[in-house]
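K.L.:
Before anything else, here's the structure in question.
The values are calculated or read from the model by the stated rules, or taken from the named source; none is laboratory data. It should be emphasised that the depicted structure is a prediction, and the values quoted were computed from it without experimental measurement. With ideal geometry, Cβ positions are generated from the backbone for all residues, glycine too; neighbour counts draw on all protein chains shown.
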Amino acid sequence: MTTIFAKLVDVTRCDGCRACMVACKNWNDLPAAPEEFKGSYQSHDKCNAFNWNMLTFTEHEAEDGRFEWLFRHSACMHCTDAACVKVCPEDALHYTEFGTVNTNYDKCVGCGYCVQNCPFSVIELAKYTDENGKEYEKAQKCTMCIDRLREDMMPACVNICHMDALVFGDKEEMEAMALERLAQVKDRYPNANIYNPIGVDGTQTFYLLAEPPSVYGLPENPKVPTSATIWKDYAQPLGKAMLGVTTMAVIGGFISNKLFNKQGQEGGDHDE
Amino acid sequence: MSNRQQTVKRFSKWVIIAHWTNALAFFALYITALPLYTDFFSWMYPIFGGPENLRLLHRIFAVLFVLPPIVMMFVDPKSLFHWLKQTLTWRKEDIMFFVKFPKEFFGGHVKDMPKQDFFNAGEKLNSLLTITCAAMLIGSGIVMWMPHLFPVVLIQWAYPIHNIAFGLSVAVVVGHIYLSLGHPGSKASMQGMTKGDVPVKYAKEHHGKWYDELVAKGEIKEEKPVKKGKGA
Ligand code: SF4
Ligand code: SF4
Ligand code: SF4
């Protein structure tokens, strides 16, 4: 049996230094992807093809009227029931031996179905140009540093986090740790909660949040889109089965036609 | 076979062109969609020069698929609207058709088939399903082609809709092909869709109401029940 690993993000410890963002870029060789200044400390709107993780900076007014910065390390959630895996027609997105979600770039055809169905909108297509000058696209997102995990190393972002806001390990242990910490921060953050949404069967990047998920720009009840379920679990399997039947019907039709038509001609001749 | 057989014009050349353009585009779309639909057809990617090319081709054929009704609106609106009107007009005779048809389908000869329109009820049903599928395919296809113009929920629903319509249309097309090629009347109906005219005898047997109208208008002479020797 595979052990499920998870990254616990304890936002109550995060000081917004963005070292995780830099470490990720560094380890994964991701190019700079500047965005124009929008009047916030937040560097980018959201994760994108070249920013696999980024810090969200939320200005928040606490209950006693105090102003607060809420920081959140955001990245692919590595959903247990991942919409992106479900809709990918090429099986490019898949679950790894660690329970995380990874992309096989050789298989990805850049259709973008994953982009349109990820409930957390963290996956994006990156444009590349090949040696013949032809453009092509591939889906890009956090890999949970799969290459590091395979070498028994921590993800780069976890490794660099000086506040222990990011921890990585066996998911069950991480869940126990999250509960422990939740109890510790409750008096300081009465709204604190663990975000490991059941609508996607839990996630392998999960949170201890100080405020409700929506305050952090996270969906309260994320789930695999119903349309994706209908499409992939019902329409397509049925269609595939029918495709077999209809293909047989066509072949059968052609053969029987050969016989049938001859008969028809003879019959016609007799008629006249 | 007697080539002196009396025939009557059924389809204009524009209808014929539109029909076969549509058919060609449909099959091209079908083929270029397969690899995205199931891995089973991934071997097609190299043949078509990779996924990008295949998807480009799919879109080119999509345009070809959308064109016929639009062009018809300008070059032969009469046929187009006649077809639409007939497709949407359902009478008792049309329902009866489906009660009697199974017997005919399995080779029996139905004596009391109620007289059918220019398009018989089977053709009407085929048209109705074709129009429905095409509307679903084109509508969802536009959303999938230009996702930036639409809200995410619509994009997400476009995929299953495109998928369902695809399955349905394949079933309809298979039925259509089977009935138009494998049925005893097939030669005549094929002639209608290739040359544009059909034997009067066929019109009388399969489209009684239309035949009566033609006779009433004096466009054709009434068919005598034939009883002659061997044809040519
Ligand atoms: S967060 Fe999005 S991209 Fe990541 S596993 Fe879940 S559905 Fe896939
Ligand atoms: S873009 Fe790539 S990874 Fe995403 S669904 Fe399409 S083939 Fe799969
Ligand atoms: S796990 Fe690795 S790839 Fe994912 S955000 Fe952290 S450093 Fe980036």
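K.L.:
If we keep just the residues of segment B:57-79 that are touching a helix residue (DSSP H, G or I) at 6+ places or on another chain (Cβ under 9 Å) and free of Cβ contacts under 8 Å to residues at least 40 places away in the same chain, which is farthest from the other protein chains (Cβ to nearest Cβ)? I'd like the intermediate steps shown before the answer.
P.N.:
Step one: list which residues in segment B:57-79 are touching a helix residue (DSSP H, G or I) at 6+ places or on another chain (Cβ under 9 Å), which gives B:57-69, B:71-73, B:75-76, B:79.
From what's left, free of Cβ contacts under 8 Å to residues at least 40 places away in the same chain: B:57-58, B:60-61, B:63, B:73.
Details: B:Leu57: 14, B:His58: 11, B:Ile60: 17, B:Phe61: 17, B:Val63: 19, B:Met73: 32 Å.
Looking at the filtered set, the residue picked out is B:Met73.
K.L.:
Scan segment B:150-166 for residues that are without any contact (Cβ under 8 Å) to a residue 12 or more places away in the chain and more than 7 Å from every other protein chain (Cβ to nearest Cβ) and jot them down.
P.N.:
B:Phe150, B:Pro151, B:Val153, B:Leu154
K.L.:
Of everything in segment A:146-161, what is among the basic types (Lys, Arg) and near ligand 3 (Cβ under 8 Å from one of its atoms)? Give them in sequence order. Step through it out loud before you land on a result.
P.N.:
Pass one, segment A:146-161, residues among the basic types (Lys, Arg): A:148, A:150.
The one that is among the basic types (Lys, Arg) and near ligand 3 (Cβ under 8 Å from one of its atoms): A:Arg148.
K.L.:
Same structure again: Going through A:Lys138, A:Lys134, A:Lys127, A:Lys107 one at a time, which residue ends up being more than 11 Å from ligand 1 (Cβ to nearest atom), in the same structural domain as A:Phe206 (by the TED database) and modelled with pLDDT under 90?
P.N.:
Exactly one residue qualifies, and that residue is A:Lys134.
K.L.:
Being hydrophobic (A, V, I, L, M, F, W, C), away from ligand 3 (no atom under 16 Å from the Cβ) and under 20 Å from A:Ile198 (Cα atoms) is the filter; apply it to segment A:61-91 and report the residue that is farthest from the chain's Cα centre (by Cα). Reasoning before the result, please.
P.N.:
Quick first cut of segment A:61-91, residues hydrophobic (A, V, I, L, M, F, W, C) only: A:62, A:67, A:69-71, A:75-77, A:79, A:82-85, A:87-88.
This time we only want the ones that are away from ligand 3 (no atom under 16 Å from the Cβ), so: A:62, A:67, A:69-70, A:83, A:85, A:87-88.
From the residues that got through so far, the ones that are under 20 Å from A:Ile198 (Cα atoms) too are A:83, A:85, A:87.
Numbers: A:Ala83: 7, A:Val85: 8, A:Val87: 11 Å.
If we take residues in segment A:61-91 being hydrophobic (A, V, I, L, M, F, W, C), away from ligand 3 (no atom under 16 Å from the Cβ) and under 20 Å from A:Ile198 (Cα atoms), then A:Val87 is farthest from the chain's Cα centre (by Cα).
K.L.:
Need at least 2 residues that are surrounded by fewer than 16 Cβ atoms within 10 Å (Cβ to Cβ) per element, so show me which helices (runs of 4 or more DSSP H) inside segment A:112-222 make the cut, counting only ones lying wholly within it.
P.N.:
Numbers: elements: A:113-117, A:146-149, A:156-160, A:171-185.
The qualifying helices (runs of 4 or more DSSP H) are A:171-185.
K.L.:
Residue check: is B:Asp117 touching a strand residue (DSSP E or B) at 6+ places or on another chain (Cβ under 9 Å), touching a residue at least 40 places away in the same chain (Cβ under 8 Å) and acidic (Asp, Glu)?
P.N.:
Numbers: touching a strand residue (DSSP E or B) at 6+ places or on another chain (Cβ under 9 Å): no; touching a residue at least 40 places away in the same chain (Cβ under 8 Å): yes; acidic (Asp, Glu): yes.
So B:Asp117 does not fit the description; no.
K.L.:
Would you mind telling me which numbered condition in (1) in contact with an Asp or Glu (Cβ under 6 Å, 6 or more places away or on another chain); (2) more than 10 Å from ligand 2 (Cβ to nearest atom); (3) within 14 Å of chain B (Cβ to nearest Cβ) A:Ser121 fails?
P.N.:
(1)
K.L.:
Pairs under 6 Å by beta carbon, first residue within 11 Å of chain B (Cβ to nearest Cβ) in segment A:79-103, partner aromatic (Phe, Trp, Tyr) and more than 16 Å from ligand 3 (Cβ to nearest atom), six or more apart or different chains?
P.N.:
A:Val87/A:Tyr113
K.L.:
So, in segment A:62-90, how many residues would count as being within 16 Å of ligand 1 (Cβ to nearest atom) and of a type in the set (A, V, I, L, M, F, W, C)? Don't jump to the end; show me each part of the working.
P.N.:
Within segment A:62-90, the subset within 16 Å of ligand 1 (Cβ to nearest atom) is A:72-90.
When the remaining residues are screened for being of a type in the set (A, V, I, L, M, F, W, C), the result is A:75-77, A:79, A:82-85, A:87-88.
Total meeting the criteria: 10.
K.L.:
Scan segment A:32-59 for residues that are under 17 Å from A:Val11 (Cβ atoms) and within 16 Å of ligand 1 (Cβ to nearest atom) and report the count.
P.N.:
Adding up the residues that qualify gives 5.
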